[in-house]
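Have a look at the structure below, then the notes.
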Amino acid sequence: MTATPASPSPDKRVLLAAPRGYCAGVDRAVIAVEKALEQYGAPIYVRHEIVHNKYVVQTLEKKGAIFVDETAEVPEGSIVMFSAHGVAPTVHQEAAERKLATIDATCPLVTKVHKEAVRFASEDFDILLIGHEGHEEVIGTSGEAPDHITLVDGPDDVENVTVRDESKVVWLSQTTLSVDETMETVDKLKEKFPKLISPPSDDICYATQNRQIAVKQMGADADLVIVVGSKNSSNSVRLVEVALGAGAKDAHLVDFAEEIDEAWLEGVSTVGVTSGASVPDVLVEGVLEWLARRGFEDVEIVKAAEESITFSLPKELRRDLRAEAAALSEKQ
């Protein structure tokens, strides 16, 4: 049922988080797929979703991207791109065995964690990787040093952790977690392992932190927070949790404005709106328009930080990958 346009109400307002939406790593990955399609023509195969957003994946599919779950699904002699979440070294080996030309769109911040895992493993540390089991980023990082990495899935998992030498233990983290939950896990780990070493720099992505800070700033003032993002997007799911933890009376995750339930607005005067790091702003604009038609036309920006970080596109886009793929497929 379509709502009739409502008149602006002085007691209805929207708090719009800034920053929100695309981070530098996601922007780089999405542009990389578009450039590859433009440069080499369709199809471009992508191993797993390039980023965790339904709309982005559907849009790229229409342009000629083919998303696959496993490298084995990519025909020999084709081009395959690895997603922003990163892959394990075994995936690179699989691609080489299938004679595939590859484009690595792994976020540079995830690559940093991979390199830290390799370095600490080479020094024979036990690595405690804080993250969610089954997440692509965790699978990729764990694959860099499987014999040295133990997954710690939140603070409640700490009691199950054992190490070989308590004087040689370091923690690393999935980049898209809740900052508060991660530090709670780290604190518990330090209680158990007093000599636990922290990574050289904070592994929680700057964009994840900034989006969570903005939600915290508006959470206490919001009757309802709407987070635009997909259910398989870890950082989007975390934003709902952070909003509720910050005092929001209610919070929901939606892919599109059409998924908002009008019942959520009952008794609501202030709606907070934000989006995960893999969400294009066109989806947020759709939510703002949906709210405006129901009287929520007054939009106030809640600004937590300025973001100016950009990443250069994958170096493979500067080569003739179609020729490389053909050459690889001709080799016996």
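The values are calculated or read from the model by the stated rules, or taken from the named source; none is laboratory data. Source: prediction; values computed, not measured. Ideal geometry is used to build each Cβ from the backbone, glycine not excepted, and the neighbour counts take in all protein chains shown. These area figures cover heavy atoms from the full protein model, side chains too; ligands, DNA and RNA do not enter into them. Shrake-Rupley method; radii C 1.70, N 1.55, O 1.52, S 1.80 Å.
Of note:
- Residue 326 being surrounded by 13 or more Cβ atoms within 10 Å (Cβ to Cβ), at pLDDT 95 or above, farther than 13 Å from residue 16 by Cα and in contact with a Gly (Cβ under 9 Å, 6 or more places away or on another chain): no
- Residue match in region 141-152 (condition: on the phi > 0 side of the Ramachandran plot and touching a residue at least 40 places away in the same chain (Cβ under 8 Å)): no
- Listed by position, the strands (runs of 3 or more DSSP E) enclosed by region 13-69 that each have at least 1 residues that are open to solvent by 60 Å² or more (accessible area, probe 1.4 Å) and at pLDDT 95 or above are 13-18, 65-68.
- Residue count for region 223-246, restricted to those that are surrounded by 16 or more Cβ atoms within 10 Å (Cβ to Cβ) and in a loop (DSSP other than H, G, I, E, B): 5
- Answer residue from region 274-294, given it is aliphatic (A, V, I, L, M) and not in a helix (DSSP H, G or I) and is surrounded by the fewest Cβ atoms within 10 Å (Cβ to Cβ) among those: 279
- Residue in region 295-308 that is open to solvent by 20 Å² or more (accessible area, probe 1.4 Å), part of a helix (DSSP H, G or I) and in contact with a helix residue (DSSP H, G or I) (Cβ under 8 Å, 6 or more places away or on another chain) present: no
- Residue 96 over 25 Å from residue 153 (Cβ atoms), open to solvent by less than 60 Å² (accessible area, probe 1.4 Å), over 20 Å from the mean Cα position of the chain (by Cα) and among the aliphatic types (A, V, I, L, M): no
- Residue pairs whose Cβ atoms lie under 9 Å apart, sitting 6 or more positions apart in sequence or on different chains, and linking a residue in region 247-272 that is open to solvent by less than 20 Å² (accessible area, probe 1.4 Å) to a partner that is among the polar types (S, T, N, Q), are 255/53; 255/230.
- For residue 78: the one exception among (1) out of contact with any strand residue (DSSP E or B) (no Cβ under 6 Å at 6 or more places or on another chain); (2) over 21 Å from residue 175 (Cα atoms); (3) among the hydroxyl-bearing types (Ser, Thr, Tyr): (1)
- When region 84-97 is limited to residues that are in contact (Cβ under 8 Å) with a residue 40 or more places away in the chain and in contact with a helix residue (DSSP H, G or I) (Cβ under 7 Å, 6 or more places away or on another chain), the one that is farthest from residue 143 (Cα to Cα) turns out to be 84.
- Where a residue in region 157-168 is over 12 Å from residue 190 (Cα atoms) and its partner, wherever it lies, is assigned to a loop (DSSP other than H, G, I, E, B) and open to solvent by less than 100 Å² (accessible area, probe 1.4 Å), with Cβ under 6 Å and at least six apart: 168/125
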